[in-house]
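So the structure is just underneath, and the comments pick up after that.
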Amino acid sequence: MMISPLLVISVLLKPRTVFTRLAAEKPSQQRVFFGYVLWIGLVPPVSAFIGMSSFGWSFGIGEGVEINHLTAALIAAAYYVCLFAGYLVSVLLMRWMAPTYSASTHTGLCAAFTAIIGTPLMLGGVLHLYPLLPLNLLAIIPAIIWSVYLLYTGLPIMLGIDAPRGMLMASSMLGVYFVGAVVVAILSMILWVNGIGPDIGFDWRFSVEG
């Protein structure tokens with residue numbers, strides 16, 4: 001099976017088939033990265049740039065915040081870097097945890113599986129084209145559910161372990177993902193409150209202190 005944009009359709013329609021074929025092929029990390037990760041990771045930041053530069057950003061209350069093209073580009077670039085960093089950390093985490101559960105430590109498999117479970121979240125980023133915060137938060141829920149389903153379903157198949165150990169490993173990884181997401185959110189808020197980040201025309205300091 002080719003690691004290409006067409007893989008998205010297979011992931012959505014027949015994920016078990018994708019897991020089985022990739023487990024047998026054992027793709028290289030370079031093939032996964034250049035054939036799939038680089039472009040699928042562009043979906044959320046590019047959508048965010050188009051949405052912010054065209055419509056601004058709305059928090060769902062009051063008037064929306066107008067964002068110029070330069071600020072939108074900076075936010076989109078930072079967004080892409082964060083997604084890419086998160087992907088690399090997830091791959092390394094999976095490879096590091098694998099021996100504990102007698103799972104495969106093949107880097108290409110870990111890279112491919114991480115890319116697959118992240119696909120629903122990347123596709124959900126299309127809604128950034130209309131950056132209304134409540135809408136984006138609501139839409140990410142089914143994307144998270146689908147990613148979690150792919151994590152629990154595909155991990156035993158991709159990394160070659162039985163279902164009980166696969167469930168334990170998947171649960172451990174899910175816990176780390178959750179903690180990581182909370183930490184990133186808190187750090188982002190702290191940095192923005194202290195003026196480190198693009199100006200989006202919203203007084204975070206007043207919002208927090210008031």
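A few remarks follow.
- For the stretch 90-102, the condition of being open to solvent by less than 70 Å² (accessible area, probe 1.4 Å), free of Cβ contacts under 8 Å to residues at least 12 places away in the same chain, under 22 Å from Thr20 (Cα atoms) and not hydrophobic (A, V, I, L, M, F, W, C) holds for none of the residues.
- Every residue from the stretch 114-136 that is assigned to a helix (DSSP H, G or I), touching a Phe, Trp or Tyr at 6+ places or on another chain (Cβ under 8 Å) and open to solvent by less than 30 Å² (accessible area, probe 1.4 Å): Thr114, Ala115, Ile116, Gly118, Pro120
- Test: residue in the stretch 137-151 that is hydrophobic (A, V, I, L, M, F, W, C), in contact with a strand residue (DSSP E or B) (Cβ under 6 Å, 6 or more places away or on another chain) and surrounded by fewer than 19 Cβ atoms within 10 Å (Cβ to Cβ): no
- Unique match (being of a type in the set (A, V, I, L, M, F, W, C), within 25 Å of Arg31 (Cβ to Cβ) and assigned to a helix (DSSP H, G or I)) among Ala72, Ala78, Ala111: Ala111
- Output for the stretch 33-59, where each listed residue is of a type in the set (A, V, I, L, M) and part of a helix (DSSP H, G or I): Val37, Leu38, Ile40, Val43, Val46, Ala48, Ile50, Met52
- Cross-chain or 6+ apart pairs with Cβ under 6 Å, the stretch 4-32 first and in a loop (DSSP other than H, G, I, E, B), then modelled with pLDDT under 80 and of a type outside the set (S, T, N, Q): Pro27/Ile3
- Scanning the stretch 32-55 for residues being crowded, with 18+ Cβ neighbours inside 10 Å, within 20 Å of Ile116 (Cβ to Cβ) and either over 16 Å from the mean Cα position of the chain (by Cα) or among the basic types (Lys, Arg) (or both) gives a total of 1.
- Test result for Ile157, in a loop (DSSP other than H, G, I, E, B), under 30 Å from Glu25 (Cα atoms), touching a residue at least 40 places away in the same chain (Cβ under 8 Å) and among the β-branched types (Val, Ile, Thr): no
- Residue among Pro198, Pro131 that alone is touching a strand residue (DSSP E or B) at 6+ places or on another chain (Cβ under 7 Å) and at pLDDT below 90: Pro131
The values are calculated or read from the model by the stated rules, or taken from the named source; none is laboratory data. What you see is a predicted model, and the numbers here were worked out from it, not measured in a lab. Counting neighbours? That spans all protein chains shown, and the Cβs are built from the backbone with ideal geometry, glycine included. Heavy atoms of the whole protein, side chains included, go into the accessibility calculation; ligands, DNA and RNA do not. Shrake-Rupley method; radii C 1.70, N 1.55, O 1.52, S 1.80 Å.
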